[in-house]
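What follows is a short report on a single structure.
The values are calculated or read from the model by the stated rules, or taken from the named source; none is laboratory data. Owing to the predicted nature of the structure, the values given are computational and were not obtained by experimental measurement. So basically every Cβ, Gly included, is an ideal-geometry build from the backbone, and we count neighbours across all protein chains shown. Surface areas here come from the heavy atoms of the whole protein model, side chains and all, with no ligands, DNA or RNA. Shrake-Rupley method; radii C 1.70, N 1.55, O 1.52, S 1.80 Å.
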Amino acid sequence: MDNVITHPHTHETAVAAEHHHQALPQHRHHFETEEQQREAASFGMWLFLLTEIMFFGGMFFAYLLYRNWYYDAFVAASNQLSIPLGAFNTVVLIGSGFFMALGVWAAEVKKKGLLVLFLVITTILGAIFLGVKADEYHEKWEKHHIPGAHFDVSEFVNPHAFGLKETPLAPDMAQRTQVFFFLYFAMTGMHALHMIIGIGILFWLTWRAHFGEFTSGYVAPIENFGLYWHFVDIVWLFLFPLLYLINRHPV
Amino acid sequence: MSATSSTILNLPDQSTATLPKKNYINAEHGLLSWLFTGDHKRIAMLYLISITFFFFIGGAFAGLIRLELLTPQPDLVASDTYNKFFTMHGIIMIFLFLVPSVPATLGNFLIPIMLGAKDLAFPKINLLSWYLYMAGGTFTLAALVLGGVDTGWTFTTPLSTHYLNTHVITAATAIFIAGFSSIFTGLNFIVTIHRMRAPGMTWFRMPLFVWSNYAASLLMVLGTPVLAIAIVLVALERTFGIGVFDPTKGGDPLLFQHLFWFYSHPAVYIMILPGMGVISEVISTFSRKRVFGYTAVAFSSVAIALFGFFVWEHHMFIMGVSNYSALVFSLLTMLVAVPSAIKIFNWAFTLQQGSITFETPMLYAFGFLGLFTIGGLTGVFLGSLGMDIHLTETYFIVAHFHFVMVGGMLMAFLSGIHFWWPKMTGRMYPESLSKLAAVVTFIGFNLTFLPQFILGYLGMPRRYHAYPPEFQVLNVLSTAGATVLGVGYLLPMLYLAWSLKYGAIAGNNPWQATGLEWQIQSPPLTENFIEVPIVDHEAYDYEWLAHKTQHEVTTVG
């Protein structure tokens with residue numbers, strides 16, 4: 001809490017500063033300094049991510065609640081998810097986060113070519129993640145594991161008929177696997193939606209980076225998008241263990 | 001209107017006074033210059049127009065509800081139509097009027113100026129939030145035109161997800177979108193308050209209006225996403241017929257209640273906190289005193305925001321939550337009364353021995369003090385477990401939340417609109433007519449809602465379109481009150497519009513108030529300040545003001 005009463009900004013220096021800043025067209029008129037603009041943008045991004053945490057928080061809350069209630073159904077249903085695919089995607093996503101971080105670095109040291117390269121790699125890795133996800137969704141569709149009218153519980157009621165070694169579930173509990181799949185689709189779907197939006201923004205950023213916009217000292221958009229992309233990584237790092245890994249029966 | 005209508009009005013000579021040649025209103029011309037503006041003041045005016053529009057639609061539904069309840073028989077509309085009436089009234093009034101009203105109009109207009117900034121931190125996001133608001137409003141109207149929604153504004157599951165064939169998803173979309181408008185407004189305010197303050201504008205020199213909007217913004221940013229996800233889940237469940245809330249499919253309707261009220265109780269504080277900020281400004285100005293216990297009032301806003309997140313379960317006392325948790329939440333609910341009472345007592349001490357004048361904003365502020373106190377005290381009744389079980393889902397609840405939200409928030413909104421009208425438009429409103437409107441509103445409000453306390457205590461349930469004949473007298477009183485109240489709302493609408501062209505020129509500081517906003521021209525320039533102001537005094541420092549006006553006759557602009 002600074003207690004500044006006097007300030008070096010007299011009218012003349014403010015005008016002079018204004019002239020100085022004309023070098024950077026990205027400087028918005030209502031900020032006194034570029035530093036202030038950069039701080040405001042970054043702070044705004046952190047706040048936005050806080051709202052995102054609250055947004056996903058509601059679903060995590062629902063997951064914990066129902067997992068407690070329908071433990072057996074959740075275990076059986078989570079065994080239907082493919083750990084290799086999930087693990088592969090985790091690696092892909094962390095890789096994309098790594099290249100995004102390199103992109104921020106490239107923007108900061110003003111290397112235009114590298115920045116574009118890293119943004120492209122980030123985009124490709126994000127697309128691979130979404131491709132794998134689509135494949136997983138498709139498999140759920142074929143097995144009738146998408147909640148709703150076509151949902152089929154026979155695999156959980158009588159797993160041995162499907163060549164599975166799972167413990168059979170009572171029909172009542174088997175119906176509760178729908179709740180698991182509902183949450184699986186809601187959470188990973190919402191995560192995928194964030195990635196689709198992110199990839200859209202990546203295209204836009206790559207285009208602008210190609211014209212050298214972010215390698216002239218104006219790095220805030222790259223930095224802030226980096227924060228967003230890391231947030232998407234981190235959500236996945238919670239989703240993967242919660243949905244795929246924890247408490248699977250060794251069979 | 002002449003300049004003699006007030007004792008402290010400092011109006012310039014009417015024969016020569018004109019509006020400033022250059023101001024934010026005439027800076028650019030044409031509709032498009034408004035629709036694509038980045039100026040927080042213009043966006044505030046866009047909000048003011050659209051919020052007023054929705055207020056009158058919501059009010060029309062209130063009128064229809066009261067008309068139906070004039071007689072015990074269901075003779076105006078059938079029950080499902082009546083359900084659609086109160087649902088639309090609730091959705092429009094809460095999501096499209098009460099939540100955005102003060103922050104989006106007065107907050108948008110004033111916060112940057114009060115901080116000595118040229119604009120909010122993110123002007124484009126500010127404009128985006130207005131468009132999101134309008135999109136949300138459009139979806140609401142679409143739900144209405146397509147045939148209406150009859151879930152009640154609370155979208156209680158599984159009623160909303162499985163049993164009603166009305167336009168729930170359209171309405172849910174409306175709320176989801178309007179929610180993002182609110183999130184972005186809150187985000188913009190928080191960043192602006194943290195990062196855009198002028199030199200010398202320390203946290204404890206900020207006007208209390210800024211503090212209360214800061215606290216409300218925290219609630220918007222943290223609470224609204226939870227509502228958003230609850231609404232998404234309702235829409236998904238309804239679309240795909242799956243059961244996250246439906247008990248017959250393994251879901252839990254209580255989960256919806258938790259998620260919904262985790263936002264919707266704090267939403268009450270989103271509505272009321274900015275209003276409390278208005279009251280602080282108005283009471284200080286018209287009693288010519290620094291707000292007593294400034295720091296306590298500032299922190300009580302933040303305390304209300306924090307406590308607000310720990311009381312949601314009191315909406316579920318009779319829904320089968322455990323006795324233990326009900327007890328804890330009963331206690332937490334009553335704790336919220338403490339910071340609210342701190343504010344009331346500090347305002348009372350501010351008034352004590354002040355040079356009080358009853359300008360129109362002050363009349364509304366006094367209305368606020370009376371009505372909000374009644375609303376708050378009846379809230380303590382409802383927070384107590386035993387009383388709650390007797391009174392829940394009766395008209396006592398209806399009266400209670402109308403006292404808090406309408407008696408509190410709407411009074412504060414009208415107070416603030418009148419207080420800052422000269423700054424926003426450069427013109428004064430007709431003084432005697434506006435005082436009349438304030439009194440009519442107060443009388444109409446009490447006549448409408450006091451009988452409802454009794455009705456509720458006697459056991460008349462809410463949300464029914466017919467009732468036993470013995471309740472008719474009180475219902476007739478209430479309907480009559482609603483008519484008076486309607487007149488009280490129409491009056492300002494008419495004379496404020498009139499004043500835009502014919503009102504007396506207000507001058508920079510008609511109230512002789514201390515805030516930074518009063519030190520610039522009315523209406524302000526596009527970038528508010530010609531040069532960055534340097535703040536060297538506390539908020540509400542009337543000695544500083546007297547000193548300043550003595551030495552400095554000309555003002556900025």
If we scan the range B:197-206, do we find a residue that is part of a helix (DSSP H, G or I) and surrounded by 22 or more Cβ atoms within 10 Å (Cβ to Cβ)? no
Check B:Ala216, B:Ala121 and return the single one that is more than 20 Å from B:Ile57 (Cβ to Cβ), in a helix (DSSP H, G or I) and either within 9 Å of chain A (Cβ to nearest Cβ) or within 21 Å of the chain's Cα centre (by Cα) (or both). B:Ala216
Only listed residue being touching a residue at least 60 places away in the same chain (Cβ under 8 Å), of a type in the set (Gly, Ala, Ser) and out of contact with any Pro (no Cβ under 8 Å at 6 or more places or on another chain), chosen from B:Ala198, B:Ala172, B:Ala228, B:Ala216: B:Ala172
Looking at the structure I just gave you, is B:Leu128 closer than 26 Å to B:Pro266 by Cα, more than 18 Å from the chain's Cα centre (by Cα), within 14 Å of chain A (Cβ to nearest Cβ) and open to solvent by 20 Å² or more (accessible area, probe 1.4 Å)? yes
If you go through the range A:202-218 one residue at a time, do you hit one that is buried (at least 18 other Cβ atoms within 10 Å of the Cβ) and within 13 Å of chain B (Cβ to nearest Cβ)? no
Tally time: how many residues in the range B:328-365 are within 19 Å of the chain's Cα centre (by Cα) and polar (S, T, N, Q)? 2
If I go through the range A:55-77 residue by residue, how many of them are more than 29 Å from B:Phe176 (Cβ to Cβ) and more than 11 Å from every other protein chain (Cβ to nearest Cβ)? 4
Among the residues in the range B:425-437, are any of a type in the set (A, V, I, L, M) and open to solvent by 30 Å² or more (accessible area, probe 1.4 Å)? yes
Condition check: crowded, with 24+ Cβ neighbours inside 10 Å, assigned to a helix (DSSP H, G or I) and within 9 Å of chain A (Cβ to nearest Cβ). Does B:Leu255 satisfy that? no
From the list B:Val226, B:Val210, B:Val232, B:Val191, which one is touching a Phe, Trp or Tyr at 6+ places or on another chain (Cβ under 9 Å), more than 7 Å from chain A (Cβ to nearest Cβ) and buried (at least 24 other Cβ atoms within 10 Å of the Cβ)? B:Val210
Being within 14 Å of chain B (Cβ to nearest Cβ) and either surrounded by 15 or more Cβ atoms within 10 Å (Cβ to Cβ) or part of a helix (DSSP H, G or I) (or both) is true for just one of A:Leu50, A:Leu117. Which residue is that? A:Leu50
Kindly list the number of the only condition in (1) modelled with pLDDT under 95; (2) more than 14 Å from chain B (Cβ to nearest Cβ); (3) open to solvent by less than 40 Å² (accessible area, probe 1.4 Å) that fails for A:Lys165. (3)
For the range B:367-398, which residues satisfy the criterion of being aromatic (Phe, Trp, Tyr) and open to solvent by 50 Å² or more (accessible area, probe 1.4 Å)? B:Phe381
Residue ranges of helices (runs of 4 or more DSSP H) in the range B:323-406 with at least 2 members without any contact (Cβ under 8 Å) to a residue 40 or more places away in the chain: B:323-335, B:337-351, B:360-383, B:385-391
Please list, ordered by first then second residue, the pairs with beta carbon atoms under 8 Å, 6 or more apart or interchain, first in the range B:99-117 and under 14 Å from B:His194 (Cα atoms), second in a loop (DSSP other than H, G, I, E, B) and of a type in the set (Lys, Arg). B:Pro112/B:Lys118; B:Leu115/B:Arg197; B:Gly116/B:Arg197; B:Ala117/B:Arg197
Hits in the range A:32-42 - residues which are facing another protein chain (nearest Cβ under 8 Å) and open to solvent by 50 Å² or more (accessible area, probe 1.4 Å): A:Glu39
May I ask you to say which residue of B:Ser101, B:Ser182 is among the small types (Gly, Ala, Ser), on the phi < 0 side of the Ramachandran plot and open to solvent by 10 Å² or more (accessible area, probe 1.4 Å)? B:Ser182
Taking the criterion of being open to solvent by 10 Å² or more (accessible area, probe 1.4 Å), of a type in the set (Phe, Trp, Tyr) and under 18 Å from B:Ala135 (Cα atoms), would at least one residue in the range B:161-173 satisfy it? no
Of residues in the range A:170-190 being surrounded by fewer than 19 Cβ atoms within 10 Å (Cβ to Cβ) and not hydrophobic (A, V, I, L, M, F, W, C), the one farthest from the other protein chains (Cβ to nearest Cβ): A:Pro171
Could we say that A:Ala149 is open to solvent by 40 Å² or more (accessible area, probe 1.4 Å) and over 28 Å from A:Gly217 (Cβ atoms) here? yes
Is it true that B:Phe260 is in contact with a helix residue (DSSP H, G or I) (Cβ under 6 Å, 6 or more places away or on another chain), closer than 30 Å to A:Phe74 by Cβ and assigned to a helix (DSSP H, G or I)? yes
Among the candidates B:Thr157, B:Thr71, single out the residue that is within 14 Å of chain A (Cβ to nearest Cβ), part of a loop (DSSP other than H, G, I, E, B) and either open to solvent by less than 10 Å² (accessible area, probe 1.4 Å) or farther than 30 Å from A:Gly44 by Cβ (or both). B:Thr157
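Table: residues versus (1) more than 18 Å from A:Leu243 (Cα to Cα); (2) in contact (Cβ under 8 Å) with a residue 40 or more places away in the chain; (3) out of contact with any Lys or Arg (no Cβ under 8 Å at 6 or more places or on another chain); (4) of a type in the set (Asp, Glu).
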residue: A:Met59; (1), (2), (3), (4): no, yes, yes, no
residue: A:Tyr63; (1), (2), (3), (4): no, yes, yes, no
residue: A:Phe74; (1), (2), (3), (4): no, yes, no, no
residue: A:Thr90; (1), (2), (3), (4): no, yes, yes, no
residue: A:Ala101; (1), (2), (3), (4): yes, yes, yes, no
residue: A:Val104; (1), (2), (3), (4): yes, yes, yes, no
residue: A:Lys112; (1), (2), (3), (4): yes, yes, yes, no
Here is a check on your reading of the model: is A:Asn89 among the polar types (S, T, N, Q) and away from chain B (no Cβ under 13 Å)? yes
Could you please find all residues in the range B:267-306 being among the β-branched types (Val, Ile, Thr) and either under 19 Å from the mean Cα position of the chain (by Cα) or open to solvent by 30 Å² or more (accessible area, probe 1.4 Å) (or both)? B:Val268, B:Ile270, B:Ile272, B:Val278, B:Ile279, B:Val282, B:Ile283, B:Thr295, B:Val297, B:Val302, B:Ile304
Determine which single condition B:Phe309 fails, assuming it passes every other condition in (1) open to solvent by 10 Å² or more (accessible area, probe 1.4 Å); (2) over 24 Å from the mean Cα position of the chain (by Cα); (3) farther than 26 Å from B:Ala365 by Cβ. (2)
Subset of the range B:141-154 [without any contact (Cβ under 8 Å) to a residue 60 or more places away in the chain and open to solvent by less than 10 Å² (accessible area, probe 1.4 Å)]: B:Ala143
Could you check how many residues of the range B:241-251 are more than 7 Å from chain A (Cβ to nearest Cβ) and either assigned to a helix (DSSP H, G or I) or acidic (Asp, Glu) (or both)? 3
